[in-house]
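Q: Questions regarding the structure given below will be posed in turn.
The values are calculated or read from the model by the stated rules, or taken from the named source; none is laboratory data. A quick note: this is a predicted structure, and the numbers were derived from the prediction, not measured. A quick note on method: Cβ atoms are made from the backbone with ideal geometry, for glycine too, and the neighbour counts reach across all protein chains shown.
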Amino acid sequence: MLSVATVRSPVARGSVRSIAFPKLPAGYRSILPADIPGRNRIVSFGAEVPILAQDAVSYVGEPVALIAGPDPIRLEELVAGTKVFYESEEPFVNWESFSSEQVAAKRVAISGDPELAFSIAGSVHEETYTSGAIEHYYSEPQGAVAAYDYDKIAVWCATQWPYHVRDSVALAIGCRAQEVSVRPTRLGIHLDGKLWYPSLLACQAAVASIACGRPAKIILTREEDFRYSPKRARSSVSIRSALGPSGELTALDVRIAINVGAYGPLAEEILSQAVLSCSGAYACPNIRIEAYAVITNTPPMGAFGGLGASHSLFAIEAHANRMAQATGEDPADWKSRNVLHKGSLLLTGEPLKEEPPYEALLARVSAASDYRRKYAGYELVRKRRSGRSDGPLRGIGLALAYQGAGPFLSVEASNSYTVEATLDKDLLVRILTSAAGGAGGVMEVWRRSAADILGVGIEKVSVASPDTDQVPDSGPSTLSRNVSVVNRLVERACESVQKRRFRDPLPLTARSVYRVPKPIKWEGGQVSGAPFDTVAWACAVVELELDAWTLEPRMLGVWLCVDGGKVVAPDRAASSLRSSVADALGACLVERFDPSADAEGSAYFRYGLLPMQKLPPISIEFLEPSGREAVKGIGELPFDTVPAAFLSALAQAADSPFSSLPVTAAAILKPLEST
Amino acid sequence: MTISFILNGEDVNAKVGSVDRLSDILRDSFGLLGVRSDCRCGRCGRCLIFLNGRLVPSCIVPAFSARGKEVITIEGFAQTDDYIDISSGFMDAGVVTCGFCEASKILVAAALLERNPRPDADEIIRHMSSAPCRCTDPESIVKAVQAVAERRARRIYRRAGQ
């Protein structure tokens, strides 16, 4: 098998004039854009990303050519000896303020009369909340292998979206989709970092394989993966809010800017989700939102544990805590008064179908964490404190958020997703889906659902390998869709088998198809449609103590209570949520880097996860479902709640508000220096 | 140069260059794919091996330095009773890993239990941090290692009694 190494752009923005390869030994060959037999593009959510940049380059490290050969070490030397001649241009670095040519997507939404509400407001509060880029830090670097298998080209890669890989490779090599077979490999922890990027690598491997007439593999080094694969997009959410005389939320004016890096492959989806989540868990009759996905000359940025909702949910929740502080109320009380209720109108004009279980969540999480007593006590200490050496600097914060799950918001309604279930003569059940289970125990949820419906042991249920030749298209597998959409399809297919079970002879097979019910429409500031199929809720409390001299926040505890409907495997779900809470705390404290200021790649050596020994006890509780509730996606809830609760706790400990994540020692020092 | 060393209990020879990493030799020359070589700077812990009984990241060990030493990879360790204790303990405690960090977590647990057969939670957390991964929650790993310590102690006690 041949290895493939990538020749990358040395500049962030410019045009490639020529590429001078060193003398390639026998058995080695260079591959240029002209060698791509089909289309030199992959399409992701409407945006196009070149497989090999032909003329213009858009970020440092963008692939401009490939070299294939038998020895990976020799390939490294050959890539190092390759010279790319270019003309550079001034790169787009700024994204919080930006030019019109940087806008990849824009959304405007207006409901009610915000101008009037602000003009009669009792008080107005304004702040900008920013969150940084986060590396997915999965254990294995991304890669792909391509080879001819008789009359097909077979591709092996770890992907969340096998059919996207198939269609992209078919376009790249100019064949029919049926002539490409994608055989996904173990996915591991992906945190939505393997949605579209594996398709790019698969196309490169397939092109190299066809050009050389041999199997080809492209495996990124961990450093390459860190520097050039997608990260969580950075965001800046400016919120101006109006409160009525008794502290009720009357209007929101929100401006969102999300840095989607080069090409913005997930820009439409991220932006739609960010806008639709921007009032968070609160009822607000007057809203104005202006949101932009901004192109910069950094590697493409994208999703991380959810697509765009966490950007807005973090900001509005941090702002809610700040508004509560301004009104002199315990944030729990302020939230209680302003939270959405059954029938409250969402931004899309749809009424909320179920009563949010805020009171139950708050009661459980308060009891577990002793929130109310601690909040009151720490407030008293904060107000009486004379300086940073005066008593312990402790704080406790609370955040409420939801996770909506359903179809992607920016994919056409014609898209349908399918799952197939078969019950054979030995009462073995086989589930066929292209959705990838990953490492989060989702497969166990599918298997248990099928086992419950068909009345067989869970050990008799298997999930087929998601080979595109064998399984139907179940759409992209993200954290929430796997549970909310795919699990429902599994249930429906099994119910269909069960209905026919004693009527027709075994084996029985049934297919269940999901069609996007009512797509979101954006027209002249008006949004309509049903954004989510299911909504899960969570309330988080974070308690910390700030070391006044080392400026290190020491986490004392995290409590998370979740309303996730029917939780199929509570132990697995709790374990998975604890891991996500740890990741969310890492994003608050240590996971920081600036892709636009890392041309020399040193961030790779500095970046790391929050060490386990710095994690506090993490308590996870689930609300018992009332009646026959659906299984809901809950994996993103820690990312939606914990950061805001953390900032609120830190603000109380340091007696100063914070609005940026991750929090640096310099940011903490500033308010403490003045005391 | 050609070096000789003991690999998973067998005497082996390998032809190595001066810049070869031990992890690459183990993967490429001996097909031991449980030794992953991801970060290539000793941080990720996916290439951990026992070198003369000490747990080391093999991606930053020059291959020639293994000459005359004993190397145990996860494939060799999987033949031991300790492996059975640890892997079953992990399974019983419901530890779910991404699959890529599992070998390193097992080897770290083995090294810890070798040093301290009854580690407390802090010690477990401290040691398991040397195999960082987003997949595992600390609470279940502590429970798992403590369960493994129990199981291992019982096995050693039974064997001593025989």
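Q: Name the single residue that is surrounded by the fewest Cβ atoms within 10 Å (Cβ to Cβ) among those in segment A:524-541 being at pLDDT below 85 and over 30 Å from A:Glu359 (Cα atoms).
A: Among those that are at pLDDT below 85 and over 30 Å from A:Glu359 (Cα atoms), it is A:Gly524.
Q: Any chance segment A:514-524 includes a residue that's away from chain B (no Cβ under 14 Å), in contact with a Cys (Cβ under 6 Å, 6 or more places away or on another chain) and either of a type in the set (Lys, Arg) or closer than 23 Å to A:Val365 by Cα (or both)? Step through it out loud before you land on a result.
A: Of the residues in segment A:514-524, the ones away from chain B (no Cβ under 14 Å) are A:514-524.
With in contact with a Cys (Cβ under 6 Å, 6 or more places away or on another chain) added as a condition, the list becomes none.
No, segment A:514-524 contains no residue that is away from chain B (no Cβ under 14 Å), in contact with a Cys (Cβ under 6 Å, 6 or more places away or on another chain) and either of a type in the set (Lys, Arg) or closer than 23 Å to A:Val365 by Cα (or both).
Q: Okay, moving on. Take the residues of segment A:592-605 that are within 26 Å of B:Met128 (Cα to Cα) and more than 23 Å from the chain's Cα centre (by Cα): which is farthest from the other protein chains (Cβ to nearest Cβ)?
A: Per the criteria, the residue is A:Ser602.
Q: If you don't mind, there's one more thing I want to ask. Can you find, within segment A:305-347, the residue that is farthest from the chain's Cα centre (by Cα) among those that are hydroxyl-bearing (Ser, Thr, Tyr) and buried (at least 21 other Cβ atoms within 10 Å of the Cβ)?
A: For segment A:305-347, the residue satisfying everything is A:Ser312.
Q: Would you mind finding the one in A:Ser209, A:Ser199, A:Ser246, A:Ser238 that is under 25 Å from the mean Cα position of the chain (by Cα), away from every other protein chain (no Cβ under 14 Å), over 30 Å from A:Phe605 (Cβ atoms) and of a type in the set (Ser, Thr, Tyr)?
A: Numbers: A:Ser209 fails: under 25 Å from the mean Cα position of the chain (by Cα); A:Ser199 fails: over 30 Å from A:Phe605 (Cβ atoms); A:Ser246 fails: under 25 Å from the mean Cα position of the chain (by Cα).
Matching residue, one of A:Ser209, A:Ser199, A:Ser246, A:Ser238: A:Ser238.
Q: Let me ask another. So B:Ala111 clears everything in (1) touching a residue at least 40 places away in the same chain (Cβ under 8 Å); (2) in contact with a strand residue (DSSP E or B) (Cβ under 8 Å, 6 or more places away or on another chain); (3) within 12 Å of chain A (Cβ to nearest Cβ); (4) surrounded by fewer than 21 Cβ atoms within 10 Å (Cβ to Cβ) except one condition, right? Which one?
A: Unmet condition: (3).
Q: Continuing with the same structure: If I filter segment A:112-158 down to residues being among the β-branched types (Val, Ile, Thr) and within 16 Å of A:Ser199 (Cα to Cα), which single residue comes out as farthest from the other protein chains (Cβ to nearest Cβ)? Reasoning before the result, please.
A: Taking segment A:112-158 as the starting set, the residues that turn out to be among the β-branched types (Val, Ile, Thr) are A:120, A:124, A:128, A:130, A:134, A:145, A:153, A:155.
With the extra rule that they be within 16 Å of A:Ser199 (Cα to Cα), the set shrinks to A:145, A:153, A:155.
Numbers: A:Val145: 14, A:Ile153: 25, A:Val155: 20 Å.
Looking at the filtered set, the residue picked out is A:Ile153.
Q: Say we look at segment B:66-89 and pick out the residues that are part of a loop (DSSP other than H, G, I, E, B) and over 11 Å from the mean Cα position of the chain (by Cα); which of these is nearest to B:Ile25 (Cα to Cα)?
A: Once the filter is applied, the top-ranked residue is B:Arg67.
Q: Still on this model: For segment A:24-55, give me each residue that is touching a Gly at 6+ places or on another chain (Cβ under 9 Å) and more than 21 Å from A:Ser168 (Cα to Cα).
A: Across segment A:24-55, the qualifying residues are A:Leu24, A:Pro25, A:Gly27, A:Tyr28, A:Arg29.
Q: Next up: Out of everything in segment A:87-144 that is buried (at least 19 other Cβ atoms within 10 Å of the Cβ), out of contact with any strand residue (DSSP E or B) (no Cβ under 7 Å at 6 or more places or on another chain) and among the hydroxyl-bearing types (Ser, Thr, Tyr), what residue ends up being nearest to A:Gly601 (Cα to Cα)?
A: A:Tyr137
Q: Next question. In segment B:90-100, what residues are of a type outside the set (Ser, Thr, Tyr), crowded, with 21+ Cβ neighbours inside 10 Å and either within 10 Å of chain A (Cβ to nearest Cβ) or not in a helix (DSSP H, G or I) (or both)?
A: Step one: list which residues in segment B:90-100 are of a type outside the set (Ser, Thr, Tyr), which gives B:90-96, B:98-100.
Applying the additional criterion that residues be crowded, with 21+ Cβ neighbours inside 10 Å yields B:90, B:95-96, B:98, B:100.
The answer is B:Val95, B:Val96, B:Cys98, B:Phe100.
Q: Using the structure shown, decide if A:Ser310 is within 18 Å of A:Cys278 (Cα to Cα) and either in the same structural domain as A:Ser272 (by TED's automatic domain parsing) or in a loop (DSSP other than H, G, I, E, B) (or both). Full working, then the answer.
A: Numbers: within 18 Å of A:Cys278 (Cα to Cα): yes; either in the same structural domain as A:Ser272 (by TED's automatic domain parsing) or in a loop (DSSP other than H, G, I, E, B) (or both): yes.
Judged against the criteria, A:Ser310 is a match.
Q: Taking A:Val4 and the conditions (1) modelled with pLDDT under 95; (2) over 30 Å from A:Phe408 (Cα atoms), which numbered condition does it fall short on, given that it satisfies the others?
A: Of the numbered conditions (1) modelled with pLDDT under 95; (2) over 30 Å from A:Phe408 (Cα atoms), the odd one out for A:Val4 is (1).
Q: For segment A:536-583, how many residues meet the condition of being of a type outside the set (Lys, Arg), more than 11 Å from every other protein chain (Cβ to nearest Cβ) and under 24 Å from A:Tyr378 (Cβ atoms)?
A: 23
Q: Continuing with the same structure: Which pairs do you get when a residue that is on the phi > 0 side of the Ramachandran plot, found in segment A:290-308, comes within reach of a residue that is part of a strand (DSSP E or B) and surrounded by 24 or more Cβ atoms within 10 Å (Cβ to Cβ), reach meaning Cβ atoms under 9 angstrom, with the pair 6+ apart or on two chains?
A: Cβ pairs passing all conditions: A:Gly305/A:Arg232; A:Gly306/A:Gln403.
Q: Could you please find all residues in segment B:10-21 being exposed (fewer than 11 other Cβ atoms within 10 Å of the Cβ) and outside any strand (DSSP E or B)?
A: Of everything in segment B:10-21, those that are exposed (fewer than 11 other Cβ atoms within 10 Å of the Cβ) and outside any strand (DSSP E or B) turn out to be B:Ser18, B:Val19.
Q: In segment B:87-120, how many are of a type outside the set (Val, Ile, Thr) and under 18 Å from A:Ala574 (Cβ atoms)?
A: Residues flagged as of a type outside the set (Val, Ile, Thr) and under 18 Å from A:Ala574 (Cβ atoms) within segment B:87-120 amount to 6.
Q: If you don't mind, there's one more thing I want to ask. When you look at B:Arg118, is it surrounded by fewer than 16 Cβ atoms within 10 Å (Cβ to Cβ) and within 12 Å of another protein chain (Cβ to nearest Cβ), yes or no?
A: No.
Q: Now a separate question. Looking at A:Glu48, is it out of contact with any Asp or Glu (no Cβ under 7 Å at 6 or more places or on another chain) and surrounded by fewer than 22 Cβ atoms within 10 Å (Cβ to Cβ)?
A: So A:Glu48 passes the test.
Q: Condition test on A:Pro616, is it more than 9 Å from chain B (Cβ to nearest Cβ) and touching a Leu at 6+ places or on another chain (Cβ under 9 Å)?
A: On the way: more than 9 Å from chain B (Cβ to nearest Cβ): yes; touching a Leu at 6+ places or on another chain (Cβ under 9 Å): yes.
It is true that A:Pro616 is more than 9 Å from chain B (Cβ to nearest Cβ) and touching a Leu at 6+ places or on another chain (Cβ under 9 Å).
Q: Taking A:Ala293 as the residue in question, decide whether it is more than 22 Å from A:Val60 (Cβ to Cβ) and either among the hydroxyl-bearing types (Ser, Thr, Tyr) or touching a strand residue (DSSP E or B) at 6+ places or on another chain (Cβ under 7 Å) (or both).
A: Considered against the rule, which asks whether it is more than 22 Å from A:Val60 (Cβ to Cβ) and either among the hydroxyl-bearing types (Ser, Thr, Tyr) or touching a strand residue (DSSP E or B) at 6+ places or on another chain (Cβ under 7 Å) (or both), A:Ala293 comes out as no.
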